[in-house]
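For reference, the structure is listed below as structure tokens.
Bear in mind these aren't lab numbers, they're just calculated from the coordinates by the rules spelled out. Quantities reported herein were computed from a predicted structural model and do not represent experimental measurements. Glycine gets a Cβ as well: all are built from the backbone with ideal geometry, and neighbour counts include every protein chain shown.
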Amino acid sequence: MRPRLPDERPTEPPTGYKIAHPVLDADGGCAGFLGVSLGAAAPYRVLDEARCVYGRRHRAPHRRCDCGFHCVHERRVAAGLLVQAEYRKAVLLEVSVLGSYIRFERGFRYERQRVRTATVGPCPCGATASVLADAGWGRDGRRVLEAACGGCAGGRRRWTLDTFARLAGDGLTVWAEPGTGPVGPAPDMPELVAEAALLQARLDWFQGQLSRLGRAMGGDGPHPRD
């Protein structure tokens, strides 16, 4: 008979890490998260209790089921999942493991949780994200959001990180991971036209200077363009 592991009675809730998609109710009144694997079946709030996703009546986490919230022990392990193509637009969560839990080698399966922080990655353009914009899909009456800078968000509906944290409530803090690309919105067409006109004016001035220099040296020198 396999011996049972001793019961743990920590003085403070264990800390874990996971990834999820930020979501917002369709009416914009409350924010939360949507898991990326088994948890994708049911969005959850910052402070929430797990329920069996298979509809069974037992309390999560049950030893003979895989229901319950899931997280890993190490931040770097959870962050490593974000390099996978299907998870690139998820965010990194730091959670407090509450209630009953089952400890595994790499993480926990547990009854309740409080999401303490959410770290938002850079915008796909490389700039530091300043908003969470509508990702174009959702589930169970919630719209999924994704990190973006002001320029790349375009005309999509958007919410600042502070607004999302306020709508989520329960003390959530949302951080933006520093980007490695350009800061601010990309130039639009009027800006590009103005820049081209400035360059043309400088080129005309330069050609004029060459023409005057050529005449001063006794030659015709280059002539300005027609």
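Data table
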{"quantity": "C-alpha long axis of helix 189-216 to longest principal axis of the chain, angle in °", "calculated": "30 degrees"}
{"quantity": "Dipole of the chain, positive end: most advanced residue of Val23, His70, Leu213 [Cβ charges, Cα centre]", "calculated": "His70"}
{"quantity": "C-alpha center-to-center spacing [the stretch 5-36, the stretch 106-152] in angstrom", "calculated": "13 Å"}
{"quantity": "Local electrostatic count, Ala90, Cβ distance below 13 Å [Lys/Arg +1, Asp/Glu -1]", "calculated": "0"}
{"quantity": "Sorted by Cβ neighbour density within 10 Å, fewest at the top, the residues Glu8, Glu94", "calculated": "Glu8, Glu94"}
{"quantity": "Neighbourhood charge, 12 Å Cβ-Cβ cut-off, centred on Thr15 and excluding it, Lys, Arg +1 and Asp, Glu -1", "calculated": "+1"}
{"quantity": "Total charge dipole magnitude, the chain, about the Cα centre, Cβ charges on Lys, Arg, Asp, Glu only, Debye to nearest 20", "calculated": "1160 debye"}
{"quantity": "Most fluctuating residue given options Arg109, Arg76, Arg139, as computed from a GNM of the chain linking Cα atoms under 10 Å", "calculated": "Arg76"}
{"quantity": "Rg to Rh quotient for the chain, alpha carbon positions, Kirkwood Rh", "calculated": "1.30"}
{"quantity": "Residue among Tyr110, Tyr54, Tyr44 with the largest mean-square fluctuation in a Gaussian network model of the chain, springs linking Cα atoms under 10 Å", "calculated": "Tyr54"}
{"quantity": "Burial ordering of His70, His58, fewest other beta-carbon atoms within 10 Å first", "calculated": "His58, His70"}
{"quantity": "Relative exposure of Cys30, Cys152, Cys123, judged by other C-beta atoms within 10 Å (fewest first)", "calculated": "Cys30, Cys152, Cys123"}
{"quantity": "Which of Leu38, Val91, Thr119, positive extreme of dipole for the chain (C-beta unit charges)", "calculated": "Leu38"}
